[in-house]
Amino acid sequence: MSICFKRTKENSFDFTITMKDREQTVANINLKNRTELQLQKKIAVRNGAFYVGRQSFHIDQEDFLIVGVNSSKISNPPVLVFKRSIAVNPAGAASSAAVVAAAAATASNTATHNAVSPATRQRNTRGTSDVLPDKFYGNFELDRSENFDEYLTAKGYGWFTRKLVTFATFKKIFSRTANKHLFDYSNLTSKKDVFYKNVGLGKKFEGEGLDSTKHEILFTLKDGKLFEHHKPLEEGEAKEETYEYSFDGDILLQKMSFNGVEGRRYYKKTA
């Protein structure tokens, strides 16, 4: 079985599924001006994924095409994994992801993806994943910190800012969405709350930081650990940094380091 996205015009593409005994194509899909056929087949793009009816298609951080079925009637819906086999031009390495995400604005190209087994994909992903493990979902409240003030000092934060952060209450919430590849993340404090909706692992997005400025944010998962990277996009006191989340028993452990100084924060699960 293979799936092919082929650019046909500046804002259009063909979508083809080929199986052993038959081939099905939806031609000239234009996501900016959908035809009656596209509406009937429920072809659309939402949250960076391409949908045909209840089937969803998206490119993960390892460049695999992930195909899922969105149905409340199926408790554990199947997922198919495809690897790229053909890219006609040099831009092809990114073009199929762009097609799936409806960013149809580059040169003509074709990208084909062939099904691979879970074992093959596991060998290639090298400990990474695009699905947040179940253990991360829930509400976590800050219980205690270790070496946190020293970490803030190493980063150059002033005394007043350090005290505001040290004495603030913190609560983190990871929530499920209808798409198992996306999650909602809330960082609630006594000073400010921030909310990130439909977060995809390995997908950068812009959001507000606790300092009220715009950040480029990236969540990734490797070897069971979650990483949250922030790159400030506006002037301010915030600095580029990465937080690491793992579990110490039932406690969510957050680590951050700068110039060899590591701070730790421990969160208890409350719900």
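The values are calculated or read from the model by the stated rules, or taken from the named source; none is laboratory data. Small disclaimer: the values here were computed from a predicted structure and weren't measured. Reconstructed Cβ throughout: ideal geometry from the backbone, glycine too, with neighbour counts over all protein chains shown.
Which one of 191, 239, 203 is on the phi < 0 side of the Ramachandran plot, surrounded by 19 or more Cβ atoms within 10 Å (Cβ to Cβ) and assigned by TED's automatic domain parsing to the domain that holds residue 166? Steps first, answer last, please.
Details: 191 fails: surrounded by 19 or more Cβ atoms within 10 Å (Cβ to Cβ); 239 fails: surrounded by 19 or more Cβ atoms within 10 Å (Cβ to Cβ).
Of the residues listed, the single one that is on the phi < 0 side of the Ramachandran plot, surrounded by 19 or more Cβ atoms within 10 Å (Cβ to Cβ) and assigned by TED's automatic domain parsing to the domain that holds residue 166 is 203.
Take region 151-160 and flag every residue that is surrounded by 14 or more Cβ atoms within 10 Å (Cβ to Cβ) and either in contact with a Ser or Thr (Cβ under 8 Å, 6 or more places away or on another chain) or of a type outside the set (Phe, Trp, Tyr) (or both). Walk me through it before giving the result.
Kept after step one, since they are surrounded by 14 or more Cβ atoms within 10 Å (Cβ to Cβ), are these residues of region 151-160: 151-155, 157.
Of everything in region 151-160, those that are surrounded by 14 or more Cβ atoms within 10 Å (Cβ to Cβ) and either in contact with a Ser or Thr (Cβ under 8 Å, 6 or more places away or on another chain) or of a type outside the set (Phe, Trp, Tyr) (or both) turn out to be 151, 152, 153, 154, 155.
So, of the residues in region 169-187 that are closer than 17 Å to residue 230 by Cβ and out of contact with any Leu (no Cβ under 9 Å at 6 or more places or on another chain), which turns out to be surrounded by the fewest Cβ atoms within 10 Å (Cβ to Cβ)?
186
Determine which member of the set 209, 260 is more than 21 Å from the chain's Cα centre (by Cα), of a type outside the set (Asp, Glu) and either outside the structural domain of residue 142 (by TED's automatic domain parsing) or within 21 Å of residue 166 (Cβ to Cβ) (or both).
Working: 209 fails: more than 21 Å from the chain's Cα centre (by Cα).
On inspection, the qualifying residue turns out to be 260.
Where residues in region 239-253 are in contact (Cβ under 8 Å) with a residue 24 or more places away in the chain and in a strand (DSSP E or B), which of them is farthest from residue 139 (Cα to Cα)? Even if it seems obvious, please write down each step before you answer.
Kept after step one, since they are in contact (Cβ under 8 Å) with a residue 24 or more places away in the chain, are these residues of region 239-253: 239, 241, 245, 247, 251-252.
Still in the list and also in a strand (DSSP E or B): 241, 245, 247, 251-252.
Values: 241: 23, 245: 14, 247: 14, 251: 11, 252: 10 Å.
Ranking the candidates gives 241 first.
In contact with a Leu (Cβ under 8 Å, 6 or more places away or on another chain), assigned to a loop (DSSP other than H, G, I, E, B) and surrounded by 13 or more Cβ atoms within 10 Å (Cβ to Cβ): is that true of residue 263 in this structure?
On the way: in contact with a Leu (Cβ under 8 Å, 6 or more places away or on another chain): yes; assigned to a loop (DSSP other than H, G, I, E, B): no; surrounded by 13 or more Cβ atoms within 10 Å (Cβ to Cβ): yes.
No.
Taking residue 242 as the residue in question, decide whether it is β-branched (Val, Ile, Thr), under 26 Å from residue 181 (Cβ atoms) and under 13 Å from the mean Cα position of the chain (by Cα).
Working: β-branched (Val, Ile, Thr): yes; under 26 Å from residue 181 (Cβ atoms): yes; under 13 Å from the mean Cα position of the chain (by Cα): no.
No, not satisfied.
Since residue 129 meets every condition but one in (1) under 23 Å from the mean Cα position of the chain (by Cα); (2) within 29 Å of residue 260 (Cα to Cα); (3) at pLDDT 95 or above, which condition does it not meet?
Result: residue 129 passes all but (3).
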